[in-house]
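Colleague: Next up is a structure, given as structure tokens.
The values are calculated or read from the model by the stated rules, or taken from the named source; none is laboratory data. Since we're looking at a predicted model, the values are computed, not measured. We place every Cβ from the backbone using ideal geometry, glycine too, and count neighbours over all the protein chains shown. Areas reflect the complete protein model, heavy atoms only, side chains present, ligands, DNA and RNA absent. Shrake-Rupley method; radii C 1.70, N 1.55, O 1.52, S 1.80 Å.
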Amino acid sequence: MYIQEQTDVETRISLEKEVVAEEMRRRYKVIVAKLGLDGHDRGAKVVARALRDAGFEVVYTGIRQTPEMVVNTAIQEDADVIGISLLSGAHMALVPMVLKLLREKGAGDIKVVVGGTIPPDDAEKLKEMGVAEVFPPDTPLSYIIKKVRELAEERRRS
Amino acid sequence: MSNISSIKTYNKELIEILRTAVEEWEREMRENNYRDRKDVFYTESGIPIKTVYTPLDVEDQNYFSKIGMPGQYPFTRGIHYNMYRGRVWTMREFSGYGTPEDTNRRFKYLISHGETGLSIAFDYPTLVGIDPDDPRAYGEVGVVGVSVPTVLDMEIIFKDIYMGDVTTNMTINPPAPVLLSFYVATARKQGVPDDKIGGTTQNDQLKEFIAQKSWVFPPQPALKIGVDLIEWSVKNLPKWNPISISGYHIYEAGATAVEELALTLADGIEYVREMIRRGHDVDSFAGRLSFFFASGVQVFEHVAKFRAARRMWAKIMKEWLGAKKKRSMWMRFHTQTSGVELTAVEPYNNIIRVVLQAMAAVLGGTQSLHTNAFDEALALPTDFSAKIALRTQQILAYESGIADTVDPLGGSYYIEWLTDRIEEEAWKIIDKIESMGGMINAIEKGYPQMLITESAYRKQRAIEELRKIVVGVNMFQSEPLEEEKRVPLLKIDEEKVRQQQIERIRRFRQDRDPAKWRSSLIELERAAMRNENLMPYIYNAVINRATLGEIMGALKNVYGEWSEPIIL
């Protein structure tokens, strides 16, 4: 908690600038969800917070979400993007269910991105199924923010 | 002896001469234009680090009250007199995946390569106490660990492994009483006498709310169940460690080393108080408590953390909680090398990171150690990566010589200073939790969760802003080589494992006396409503072939389930 304060002030200033710029337009909305029984919420929370600091409207669902719960939240909130975090290895079983439910409920335009311990082979398969982006461990937050913004813009345009 | 604590380690005259010498040295350094490569150096917990340390930094330190001899209060240097010269730490690799048959094979493989203790990794359905045929288990059976919903699964894991010859750690929390009952029933069936059943149940219910998040019941009943297990084990299983008070998950969730230490000790205090409230003399059980920490690549900070941890726990037990026996003041702990510090890019670099982390654990005086495999950030370990992880420990133990003297870093001006600083910072957090009325109140207010969330975010920002370097990730990045791209990973056919486990549990349910089974669950519920110790009832349900999900279901009827407040 007491990591150097100095750079934090700098960070805060630069973040505040971004926030002001972002609020000029209608804010993009992202659902950050922990799918399945997985309790590893560190990454999801860090990403949720980074997106919020970058001006997105973020809804963090908490852990132990079923595909139905995630899809319902996304539709109710009229989200632009769903960010799913999984470190449990259950991604190949659960993520396709989210995609399927979105399509069934006529919300196939909501973009889905996945982060966590996703082996490269699985990442390819998920993208073929319709996941817009997969962020493996060590992905910089700045890259995630950039990609999510692009996807949200794309959805608003369509 | 009366004023021994007023004797300083360094005499006044020397300190005065040194003070002048250091001032002179600083001037010389400036005059010769020596500049640091960074404005300020910090440990990862945010403690500023000086250029060099001298006796001036530990001038107030009294050798006996702060450091002392190994095996003697305050145990800063280790809990045993000769530490690894007597016996090296237990090499205990956390493992388990797929079906019980898969895990039985992996255990035998590790034992045949010189592993000295077992540690079962359970899958998510087992961790949260549901059966493989529960719809919520879809996609998760046998994936992060082994599926163990019945006593029969435990019997298969230990097929041809005599449980009287091994000690086993079980990383299990809300369902700990059920898994311990599976274990004890299996050992008894093998003919192992109760006084030969050895191992550990993690059973640290409080840290589930703070970090690991495999909670089931709300905090109060979770604590009750955990303490029931402690009470029962102290009475029935003389060689069982009923709890492993865990900082590991707290560190992995993003806490600094200081926060990990403070929150773990605060959890420990809560368990001891609960046992005392139930009328137990502190010395009748305290020697059975064990701990579990992470070790990181920042070797010195972690060594200092381990040393501070022993000294603080000894003080807490002796001065706050009234322990008289030496063993009650011992902090015995297991260490796991930090998984979050390992990277998915250039995964073979992780072998080197694990060496540093493991060294920190050994220099810090751990009793047992798990070293992560280099593919940790990608999947569960293969036979190959698990073997390298085990070999890392063996090389440290038998080739490096770091295990040949006790606390080799003790007396280093830096390490002693850092040990003091970490202790000081950790007390501040413990005092804050005390002022909130203890850990349960603090959890309900979200204080530890907030600390961790904040630190996790700061660590990530530090990486983004290059204040924290991770080689291959934010410095010296490279195009991956073919060898780095094609790391052979363990693949689990979840569909197949789930079908097998569902089929097995169905047959298991058919093969029981329905009347006895039903009444064992009803008796358990009634005992929970009467607030009795539930262990005997859970054991009885296990013997009458109730499954994990059924037993947890009966308890949920009484206690309900936790719903987590969202803290971002």
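Colleague: Keeping the other protein chains in place, figure out the carbon and sulfur percent of the accessible area of the stretch A:26-157, with a 1.4 Å probe. Provide the component values of the computation, followed by the final result.
Modeller: Working: 2500 of 4960 Å².
After summing per-atom areas, the C and S share lands at 50 percent.
Colleague: Straight-line reach from B:K224: which lysines have a Cα under 23 Å away, not including same-chain ones fewer than 8 places off?
Modeller: Partners within reach: B:K207, B:K213, B:K235, B:K239, B:K445, B:K556.
Colleague: Which whole number gives the average count of other chain Cβ atoms within 10 Å of the Cβ atoms across peptide B:454-463? Display every interim value, and only then the final one.
Modeller: On the way: counts 3, 3, 6, 9, 8, 3, 9, 10, 5, 3.
Counting other chains' Cβ atoms within 10 Å and averaging over B:454-463 gives 6.
Colleague: Tell me, what ³J(HN,Hα) does each residue in the stretch B:531-537 have, in order and in whole Hz, if you take phi through Karplus 6.51 cos²θ - 1.76 cosθ + 1.60 with θ = phi - 60° and put x for Gly and Pro?
Modeller: For the stretch B:531-537, the Karplus curve yields 6, 7, 5, 8, 3, x, 6 Hz.
Colleague: Relative contact order for the stretch B:68-464 using alpha-carbon pairs under 8 Å, separation at least 6, rounded to a whole percent? Write down the numbers at each step before the final one.
Modeller: Values: 747 pairs, mean separation 69.0, N = 397.
Computed value for the stretch B:68-464: 17 percent relative contact order.
Colleague: Sticking with the crude label model, points 7 Å out along Cα→Cβ, report the distance from B:Y109 to B:E561 in nm, one decimal please.
Modeller: 3.4
Colleague: Ok, one more. Between B:K324 and B:T51, take the C-beta separation as r, use R0 = 51 Å, and let me know the FRET efficiency to the nearest 0.05. Please report the intermediate quantities before stating the final value.
Modeller: On the way: r = 44 Å, r/R0 = 0.87.
Step by step, r from the Cβ atoms, then E = 0.70.
Colleague: Ranked by accessible surface with a 1.4 Å probe, highest first, in what order do B:R188, B:R277 come?
Modeller: Details: B:R188 85, B:R277 150 Å².
Heavy-atom accessible area, descending, gives B:R277, B:R188.
Colleague: Let me ask another. Cα centroid distance between the stretch B:192-206 and the stretch B:113-130, in Å?
Modeller: Spelled out, the Cα-based centre of one part sits 13 Å from the other.
Colleague: Just to be sure I follow the definition: excluding the sites themselves, where is the longest run in chain B that has none of the chymotrypsin sites (Phe, Trp or Tyr not before Pro) in a DSSP loop with at most 11 other Cβ atoms within 10 Å?
Modeller: Details: sites that count: B:Y34, B:F476.
Within chain B, the longest run free of exposed chymotrypsin sites (Phe, Trp or Tyr not before Pro) spans B:35-475.
Colleague: While we're on this one: For the stretch A:26-157: lysine pairs with Cα atoms under 15 Å, gap of 8 or more or different chains, count?
Modeller: 11
Colleague: In 10 Å bins starting at zero, report the fraction of Cα pairs in the protein assembly as shown per bin as a rounded %.
Modeller: Per 10 Å bin, starting at 0, the Cα pair percentages come out as 3, 14, 24, 27, 19, 10, 3, 1, 0.
Colleague: To the nearest 20 debye, what charge dipole does the stretch B:479-568 have about its Cα centre, counting +1 at the Cβ of each Lys and Arg and -1 at the Cβ of each Asp and Glu?
Modeller: On the way: 16 positive and 16 negative charges, 144 e Å.
Computed charge dipole of the stretch B:479-568: roughly 700 debye.
Colleague: Once you place label points 7 Å from the Cα toward the Cβ at B:E424 and B:E399, how far apart are they in nm?
Modeller: 4.0
Colleague: Expressed in nm to one decimal, what extension gain is obtained for the pair B:M69 and B:D493 from 0.36 nm per residue of sequence separation less their Cα-Cα distance? Write down the numbers at each step before the final one.
Modeller: On the way: separation 424, 0.36 × 424 = 152.64 nm, distance 5.25 nm.
So the extension gain works out to 147.4 nm.
Colleague: So if we plug the beta-carbon distance of B:E444 and B:N33 into 1/(1 + (r/R0)^6) with R0 = 60 Å, what FRET efficiency do we get, rounded to 0.05? Walk me through the intermediate numbers first.
Modeller: Details: r = 56 Å, r/R0 = 0.93.
Using R0 = 60 Å, I get an efficiency of 0.60.
Colleague: Among B:I505, B:P347, B:G78, whose Cα projects farthest towards the positive end of the dipole of the protein assembly as shown, with charges put on the beta-carbon of Lys, Arg (+1) and Asp, Glu (-1)?
Modeller: B:I505
Colleague: Return the loop-located trypsin sites (Lys or Arg not before Pro) in the stretch A:67-158 (DSSP other than H, G, I, E, B) with at most 16 other Cβ atoms within 10 Å of their own Cβ; answer none if there are none. Each step should come with its number before you reach the end.
Modeller: Details: sites: A:K100, A:R103, A:K105, A:K111, A:K125, A:K127, A:K146, A:K147, A:R149, A:R155, A:R156, A:R157; in loops: A:K105.
Passing both the DSSP loop test and the Cβ count: A:K105.
Colleague: Could you work out how much longer the chain between B:Q477 and B:S519 gets when fully extended? Use 0.36 nm per residue separation minus the Cα distance between them, nm to one decimal. Could you put the intermediate results ahead of the total?
Modeller: Working: separation 42, 0.36 × 42 = 15.12 nm, distance 6.25 nm.
Stretched out fully, the B:Q477 to B:S519 stretch lengthens by 8.9 nm.
Colleague: Amide H to amide H under 5 Å from B:T201: which residues, 5+ apart in sequence or cross-chain, H placed 1.01 Å off N in plane?
Modeller: Distant-sequence amide H within range of B:T201: B:M170, B:N241, B:I243.
Colleague: Another question about this same structure. Given only helices, namely DSSP H runs of n ≥ 4 each adding -39500 (n - 2.57), what is the per-residue ellipticity at 222 nm of chain B, to the nearest 500 deg cm²/dmol?
Modeller: Details: 21 runs with 265 residues, N = 568.
Computed mean residue ellipticity for chain B: -14500 deg cm²/dmol.
Colleague: Taking each residue of B:115-127 in turn, how many C-beta atoms of other protein chains fall within 10 Å of its C-beta, and what is the average? Write down the numbers at each step before the final one.
Modeller: On the way: counts 0, 0, 0, 0, 0, 0, 0, 0, 4, 8, 1, 1, 4.
Average per residue, whole number: 1.
Colleague: On to the next question. Restrict the search to the stretch B:1-96; then list the trypsin sites (Lys or Arg not before Pro) that DSSP places in a loop and that have at most 12 other Cβ atoms within 10 Å of their Cβ.
Modeller: Details: sites: B:K8, B:K12, B:R19, B:R27, B:R30, B:R35, B:R37, B:K38, B:K50, B:K66, B:R77, B:R85, B:R87, B:R92; in loops: B:K8, B:R35, B:R37, B:K38, B:K50, B:R77, B:R87.
Sites meeting the loop and neighbour criteria: B:R35, B:R37, B:K38, B:K50, B:R87.
Colleague: Taking 7 Å along the Cα-to-C-beta vector as the label spot, tell me the B:N236-B:D281 distance in nanometres, rounded to one decimal.
Modeller: 2.4
Colleague: Loop-only trypsin sites (Lys or Arg not before Pro) in the stretch B:526-568, please: DSSP not H, G, I, E or B, and at most 12 other Cβ atoms within 10 Å. Display every interim value, and only then the final one.
Modeller: Details: sites: B:R526, B:R530, B:R545, B:K556; in loops: B:R530, B:R545.
Loop-located and lightly packed - B:R530.
Colleague: Now for a separate question. Out of A:M129, B:G472, B:G322, whose Cα points farthest toward the positive end of the dipole of the protein assembly as shown (charges: +1 Lys, Arg; -1 Asp, Glu; placed on Cβ)?
Modeller: B:G322
Colleague: So, one more: Between chains B and A, what is the buried accessible area summed over both chains (1.4 Å probe, protein heavy atoms, nearest 100 Å²)?
Modeller: Roughly 4200 Å².
Colleague: Would you mind getting the accessible area per residue of the protein assembly as shown, heavy atoms of the protein chains only, 1.4 Å probe, in Å²?
Modeller: Numbers: 29360 Å² over 726 residues.
Value for the protein assembly as shown: 40 Å² per residue.
Colleague: Could you state the number of Å between the C-alpha centres of the stretch A:31-62 and the stretch A:109-158?
Modeller: For the stretch A:109-158 versus the stretch A:31-62, the Cα centre distance is 14 Å.
Colleague: Additional query: Using the reciprocal of the averaged 1/r over all distinct C-alpha pairs, how large is the Kirkwood radius of chain B in Å? Before the final figure, lay out each step's value.
Modeller: On the way: mean 1/r = 0.0401 Å⁻¹.
Across chain B, the inverse of the average 1/r is 24.9 Å.
Colleague: On to the next question. If the only charges are +1 at each Lys and Arg Cβ and -1 at each Asp and Glu Cβ, what is the size of the charge dipole of the protein assembly as shown around the Cα centre, to the nearest 20 debye? Mind showing how you got there, number by number?
Modeller: Numbers: 94 positive and 103 negative charges, 320 e Å.
That gives the protein assembly as shown a dipole magnitude of about 1540 debye.
Colleague: Could you calculate the contour length gain from B:V40 to B:E465, that is, 0.36 nm times the residue separation minus the distance between their Cα atoms, to one decimal place in nm? The partial results should precede the final answer.
Modeller: Numbers: separation 425, 0.36 × 425 = 153.00 nm, distance 1.48 nm.
Extra length available between B:V40 and B:E465 comes to 151.5 nm.
Colleague: With r defined as the distance between the Cβ atoms of A:R156 and A:E77 and R0 fixed at 25 Å, what FRET efficiency is calculated, to the nearest 0.05?
Modeller: Numbers: r = 15 Å, r/R0 = 0.59.
About 0.95, to the nearest 0.05.
Colleague: Still on this structure: For A:G115, enumerate residues with amide H under 5 Å from its amide H, sequence gap 5+ or separate chain, H modeled in the peptide plane.
Modeller: Here the answer is A:I84, A:S85, A:L86, A:F135, since their amide H atoms fall under 5 Å of that of A:G115.
Colleague: Turning to a different aspect of this structure: Using a probe of 1.4 angstrom, how much of the accessible area of chain B is carbon and sulfur, in percent?
Modeller: Working: 11950 of 22450 Å².
Answer for chain B is 53 percent, counting heavy atoms of protein chains only.
Colleague: Turning to a different aspect of this structure: Tell me, what is the 1.4 Å probe accessible area of B:D160, in Å² to the nearest 10?
Modeller: My reading of the accessible area for B:D160 is about 120 Å².
Colleague: Quick check for me: using +1 on Lys/Arg Cβ and -1 on Asp/Glu Cβ, what's the dipole size of the stretch B:4-66 about its Cα centre, in debye to the nearest 20?
Modeller: Numbers: 10 positive and 13 negative charges, 33 e Å.
Using only the charged Cβ atoms, the result is roughly 160 debye.
Colleague: Amide H to amide H, which residues 5 or more places from B:D131 or on other chains are under 5 Å from it, using H placed in the peptide plane?
Modeller: Hits under the 5 Å cutoff: B:G549.
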